[in-house]
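Following: one structure in structure tokens, then a few remarks.
The values are calculated or read from the model by the stated rules, or taken from the named source; none is laboratory data. Values in this document were obtained by computation on a predicted structure and should not be read as measured data. Heads up, the Cβs are rebuilt from the backbone with ideal geometry, glycines too, and the neighbour counts pull from every protein chain shown. Surface accessibility is based on the protein's heavy atoms, side chains included, excluding ligands, DNA and RNA. Shrake-Rupley method; radii C 1.70, N 1.55, O 1.52, S 1.80 Å.
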Amino acid sequence: MEKIIRWGIIGCGNVTEIKSGPPYQNTNGFELVAVMRRNAKKAEDYAKRHNVTKFYTNADDLILDNKVDAVYIATPPDTHKYYALKVAEAGKPCCVEKPMAPCYKDSLSIYNAFKNKNIPLFIAYYRRSLPRFLKVKEWLENNEIGKIRHIRWFLSKTPSDIDLSNTYNWRTDASIAPGGYFDDLASHGLDLFAFLLGNIKDASGYATNQQNLYTAKDAITASWIHENGITGEGSWNFGSYTREDNVEIIGSSGKIVFSVFSEEDIKLCTEKEEVKLFIEHPKHVQEYHVKNIQKHLFNQKEHPSLGKSGLHCSWVMDKILGNL
């Protein structure tokens, strides 16, 4: 790799405004040189506001640009495979937004394309790099709650105005996200649990549509077992009366409590003490994720969220949704 790795973004929408786009500009050794969006005015506006030299309306032009060394795909999941295979064919490192693809089969195609060419593939499960969750991992590795027995997660939210108005939303379109908000949100937690507790050996679940507001599923419940014997359970309901996000990791001598999405205290509870820590997320929440991409590409440290782990999460989600 060159000393400066020049990035292009396919799909410069909302997620790239603050969460993910700026880190590709601000990280040492990286430069954001091109963006692509099908709407020319929006692509040009993004480029001007973020001081990006080039903008495209055709992804092929960005991918094949010899001044673009690596590509970040930030489009809805149904196009991840389409663009990722083109990036692999071009022989360039790639970061794909999560979830990796709408189904395990498509995720496997992406994974194999990069593996067969020995090209780095990253998946934007950035929680694996955030200090808040690294502290949880440290507590677990230090045996602060003894032998880990079980993990459980309950996530609920009220239907949004968009849901109630029947306004189109790709996040609840079954052709793009079969599990609806489960695909978009639960994937973060399930991937994080694999990071904290080890890969999942088997999983099953029930998925239904209780509200009939959109085509995707809106209520999912699941159980699973990790390869090391730790059991797990989860329930995700997107038609509840309130928002709730609570994870408990239960051990033989205590438990750890935290939220996947809310910026709240992480709690370590044992018979001896209760510790509460507030660890703030960075302004650009993918900052550490992108910095870890830099370390990986410059052979300093392996990234925690690679194609292999993203593929595993896709497999778990399809198992829960009954697609495998």
Q) Could you say which residue among 280, 263 is at pLDDT below 95, loosely packed, with under 14 Cβ neighbours inside 10 Å and within 23 Å of the chain's Cα centre (by Cα)? A) 263
Q: Can you confirm whether the stretch 223-236 contains a residue that is under 19 Å from the mean Cα position of the chain (by Cα), closer than 30 Å to residue 137 by Cα and not hydroxyl-bearing (Ser, Thr, Tyr)?
A: yes
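For (1) hydroxyl-bearing (Ser, Thr, Tyr); (2) free of Cβ contacts under 8 Å to residues at least 40 places away in the same chain, each residue gets a yes or a no:
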| residue | (1), (2) |
| --- | --- |
| 40 | no, yes |
| 53 | yes, yes |
| 65 | no, no |
| 91 | no, yes |
| 94 | no, yes |
| 103 | no, no |
**Q.** Scan of the stretch 306-324 for residues that are outside any helix (DSSP H, G or I) and either open to solvent by 50 Å² or more (accessible area, probe 1.4 Å) or touching an Asp or Glu at 6+ places or on another chain (Cβ under 6 Å) (or both), ordered by number
**A.** 322, 323, 324
Q | strands (runs of 3 or more DSSP E) contained in the stretch 1-114 and holding at least 3 residues more than 21 Å from the chain's Cα centre (by Cα) | A | 30-36, 54-56
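Residues checked against (1) closer than 19 Å to residue 19 by Cβ; (2) surrounded by fewer than 23 Cβ atoms within 10 Å (Cβ to Cβ); (3) small (Gly, Ala, Ser); (4) touching a Gly at 6+ places or on another chain (Cβ under 8 Å):
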residue	(1), (2), (3), (4)
108	no, yes, no, no
117	no, yes, no, yes
146	no, yes, yes, yes
149	no, yes, no, yes
202	no, yes, no, no
Q: Please give the number of the condition residue 187 fails out of (1) open to solvent by less than 40 Å² (accessible area, probe 1.4 Å); (2) more than 22 Å from residue 130 (Cα to Cα); (3) of a type in the set (Ser, Thr, Tyr).
A: (2)
Q) Mind checking which residues of the stretch 119-144 are in a loop (DSSP other than H, G, I, E, B) and open to solvent by 20 Å² or more (accessible area, probe 1.4 Å)? A) 119, 120, 142, 143, 144
Q. Looking at 204, 165, 223, which is the one that is within 26 Å of residue 13 (Cα to Cα) and either free of Cβ contacts under 8 Å to residues at least 24 places away in the same chain or among the small types (Gly, Ala, Ser) (or both)?
A. 165
(Q) Just to be sure I understand the filter: pairs with C-beta atoms under 9 Å, separated by 6 or more residues or on different chains, first member in the stretch 181-198 and under 15 Å from residue 126 (Cβ atoms) and among the acidic types (Asp, Glu), second member open to solvent by 20 Å² or more (accessible area, probe 1.4 Å) and not in a helix (DSSP H, G or I). Which pairs pass? (A) 184/98; 191/98
